[in-house]
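What follows is a set of notes on a single structure, which appears directly below.
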Amino acid sequence: MRETGCTEEDLLSFLADTQAKDTPYDRILSSMCTRPHPLAVRVHTMFMDTNLGDPGLFQGTASLEQRLVKVLGMLLHCREAGGYATSGGTESNIQALRIARKLRKVTNPNIIIPASAHFSFEKACDMLCLEARDIPLDDHYRADIDRVERLIDQQTICMVGIAGSTEYGVVDPLEEMAAIADSHGIFFHVDAAFGGLVLPFIDGAPPFDFAIEGVSSISVDPHKMGMSTIPVGCFLVRDPAALGLLNIPTPYLTVKQGYTLSGTRSGGAVAGALAVLEYFGREGMKALVSGCMRNTRRLIDGMETFGYPVVVQPQVNVATFRCPAAPAGWHVSWTRHGHMRIVCMPHVHRDTIEAFLKDIGDICA
Ligand code: 0PR
């Protein structure tokens, strides 16, 4: 550390120069995050000094968190769901597995999980000493329902399904999976970190949430399609009492026990997330999602015109292509199977898609 501090002017100039090295969102086609809504930024600033880790001190902000849980619980068809604002899908997925582990005490616990699952589950299994049993995928990159049952045994504590997979944007056969989990009395967690704020706004989308009877818990992230600031996810459980399984004593805080994984947590992004959802309402979210889905379809049409077929028809705004290389200056990502992957987030406007397609066309020419 410097002995004497530098001037604010020098510091801000250094920070601005450094920030200029970041890739601007206009060129990012690989991210599930996006530029936050201006309202989220404003509200985040308003609440940035609050600490939800000690909710008795910030009762107003804590009530906003509970309101966020209520809004998302109702959207996902469980008015009575319990939950809290996490740092994102990773924390929510870890918490789901912690609950499942406490519900069924066995000596060598395993979980049944689609091979397409997000890598956060690998972290969770490592931390919780769980064996992960992969469900092979079908031709549509979804969990192959015919291969689920045989993976289950007496040591299985949880099954996971994905609503809007990270790489291919597809939804697992969740109703069938839930029925199997239910028939074995197994906790069933749906990772809707991405799809949870997309699927409710698409007409004809498959059921994925608490409307399916066997669904025990859900991860849904406002910091993805909810246009909030980072970090805010939400972990929801059908039975609020399940959260109590995670309680540990917090003797010197304003509340005497807590179930969250993180300790200190800013209320900034949480209040911002709620603000965006209230400001948009279902209509606004539907308009946002429709735009992203329209752009996804335009991208697919355009890519196919150039002879780069879509790998699988996505159910959310994530498209994958059999295409060997991206034009210079664009950030796409590549799936573990070597397919080009583009996420049509709100910052990826129609103009952006057209500019990308033009550059792809120039490569072809
Ligand atoms: N579950 C699913 C289905 C996800 O897609 C992700 C993240 C998670 C859980 C974990 O969420 P958190 O990262 O909030 O803990 N999916 C993206 C991914 O890993 C996250 C991301 C976002 C990656 C922006 C890169 C990026 O630039 O691909």
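The values are calculated or read from the model by the stated rules, or taken from the named source; none is laboratory data. Remember, it's a predicted structure, so these values are computed and weren't measured experimentally. Backbone-built Cβ (ideal geometry, glycine too); neighbour counts: all protein chains shown. The area values use the complete protein model at the heavy-atom level, side chains included, leaving out ligands, DNA and RNA. Shrake-Rupley method; radii C 1.70, N 1.55, O 1.52, S 1.80 Å.
Data overview
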{"item": "Segment 38-277, accessible area per residue, ligands and nucleic acids excluded (1.4 Å, Å²)", "result": "41"}
{"item": "All lysines inside 26 Å of LYS224 as judged from Cα atoms, apart from same-chain residues fewer than 8 positions distant", "result": "LYS21, LYS70, LYS123, LYS286"}
{"item": "Cα gyration tensor category, rounded, prolate or oblate, for segment 291-365 with a/c compared to 1.5", "result": "rounded"}
{"item": "The chain: mean projected area of Cα convex hull, nm²", "result": "20.9"}
{"item": "Percent accessible area from carbon and sulfur atoms, the chain, protein chains only, probe 1.4 Å", "result": "53"}
{"item": "Probe 1.4 Å - accessible area at GLU122, Å² to nearest ten", "result": "140"}
{"item": "Qualifying trypsin sites (Lys or Arg not before Pro) for segment 1-67 [loop in DSSP, other Cβ within 10 Å: at most 10]", "result": "ARG2, LYS21"}
{"item": "Over the chain: helical MRE at 222 nm, DSSP H runs n ≥ 4 each giving -39500 (n - 2.57), nearest 500", "result": "-11500 deg cm²/dmol"}
{"item": "Karplus (6.51, -1.76, 1.60) ³J(HN,Hα), θ = phi - 60°, over segment 74-87, in Hz, Gly and Pro reported as x", "result": "5, 4, 9, 6, 8, 4, 8, 4, x, x, 7, 7, 9, 7"}
{"item": "Cα-only Debye scattering, segment 232-365: base-10 log of I(q)/I(0) at q = 0.10, 0.13, 0.16, 0.19 Å⁻¹", "result": "-0.54, -0.75, -0.90, -1.06"}
